[in-house]
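Here is the structure we will look at, set down as structure tokens.
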Amino acid sequence: MQKNFRLLFFVCWLFVSPLIATPYFKMIVCGWMGGPLETNLSGYLFAPISSEQYISFDAGSMLAGIEMAVSQGSFPHINLDDPKVRYEAPAQIMRRHIKAYLISHPHLDHIGGLVVNSPIDTRSLIMGTPFTIDAIRDHLFNCVVWPNFGNEGHEPLGIYEYERLKLHTTTKIADTTMNVKAFPLHHPGCYESTAFLIENDGHYALYIGDTSPDALEKTPRLEIIWKEVAPLIQKGVFHGIFLECAYENSRSDRELYGHLKPKYMLEELEKLATLVNPTVPTLKDVQIFVTHIKQTYIKNNDAVQMVKQQLEGGNRYNFHFVFLNQGQKYEF
Ligand SMILES: [Zn+2]
Ligand SMILES: [Zn+2]
């Protein structure tokens, strides 16, 4: 009986397996929330699946999440027990395997971990728009709030080399096989935020930093990105989107402060799905990582559960939402 069941399972698998897209990238969550808890803030290690040369999308929490990732076995292909290596495993990951930090904007929940962890780090790149890089140089690594670990400004220690990205232009990420193209995002007030489209050998993924929905802005910015990405999805070379959903739906539009809530996240993804297929809107084979949910610390008000329920409740095109765990590895 059990043998027949196994055979049936195997036959089903034979039919289904070609329909499951082969993962091409991997991602390890250093932190995925939007605050206020300081130990679990935006930071994602990202690499092609067969590479151990990572970039980091934002760096709000780094070592806090890498320690968890190490204890969860999220780096199975890196030998972290070499007795000749001086540093402990989390520092080894940071020093030897993170080649560049791609910072979406200079808010502390996207860079605080990197600043505080910097004394144990070694030479690497910080990439961002000129707005982001200038803000990091002038307001963080400035010899006032923190020693100058950058390579510009007053008495630089030169641990981090700044690289300013030109918008809408493909730039190679040194010491990796990846390329990045940056797009501007609305994140109102005096801020600017960024999305990073990563390409590796003809395969793509998209990291979107904090963003306002186009519906609440005068000029569309997400739509420009959707138009770039839709043909890649049609070709089957696009694997995943990191998209923020900071608040749940009862939050008023006035109080979103440049963030999404489920209503707008679904609306934006539906626009993309319609570009991909106007008759049957779809984002099949695209993983959507839900990022930056903000805890409220109000009793009986679990923002994470509410965002999950509201996204799944309004999910009429079967989007593949992925709700994240700190330290965990995801392949897509
Ligand atoms: Zn922000
Ligand atoms: Zn943020």
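Here are the numbers for the structure shown:
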quantity	calculated
Extreme residue, surrounded by the fewest Cβ atoms within 10 Å (Cβ to Cβ), among residues of the range 40-67 that are within 16 Å of ligand 1 (Cβ to nearest atom) and assigned to a loop (DSSP other than H, G, I, E, B)	Asn40
Complete set of residues in the range 71-88 that are crowded, with 19+ Cβ neighbours inside 10 Å and among the hydrophobic types (A, V, I, L, M, F, W, C)	Phe75
Some residue of the range 145-157 being touching a Ser or Thr at 6+ places or on another chain (Cβ under 6 Å), in contact (Cβ under 8 Å) with a residue 12 or more places away in the chain and more than 16 Å from ligand 2 (Cβ to nearest atom)	yes
The range 116-135, subset assigned to a loop (DSSP other than H, G, I, E, B) and not β-branched (Val, Ile, Thr), residue farthest from Tyr160 (Cα to Cα)	Asp121
Candidate set from the range 303-320 (those that are over 21 Å from the mean Cα position of the chain (by Cα) and polar (S, T, N, Q)); member that is surrounded by the fewest Cβ atoms within 10 Å (Cβ to Cβ)	Asn318
Residue check, Ile98 crowded, with 22+ Cβ neighbours inside 10 Å and more than 16 Å from ligand 2 (Cβ to nearest atom)	yes
Unmet criterion (only one of (1) aliphatic (A, V, I, L, M); (2) more than 16 Å from ligand 1 (Cβ to nearest atom); (3) part of a loop (DSSP other than H, G, I, E, B)) for Val70	(3)
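Table: residues versus (1) surrounded by 15 or more Cβ atoms within 10 Å (Cβ to Cβ); (2) among the β-branched types (Val, Ile, Thr).
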site: Glu255; (1), (2): no, no
site: Pro262; (1), (2): yes, no
site: Thr279; (1), (2): no, yes
site: Thr282; (1), (2): yes, yes
site: Gln287; (1), (2): yes, no
site: Asn301; (1), (2): no, no
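Since every read-out is calculated from the coordinates, none of them should be taken as a lab result. Please read all numbers here as calculations on a predicted model, not as lab measurements. Note that we place each Cβ from the backbone using ideal geometry, even for glycine, and neighbour counts take in every protein chain shown.
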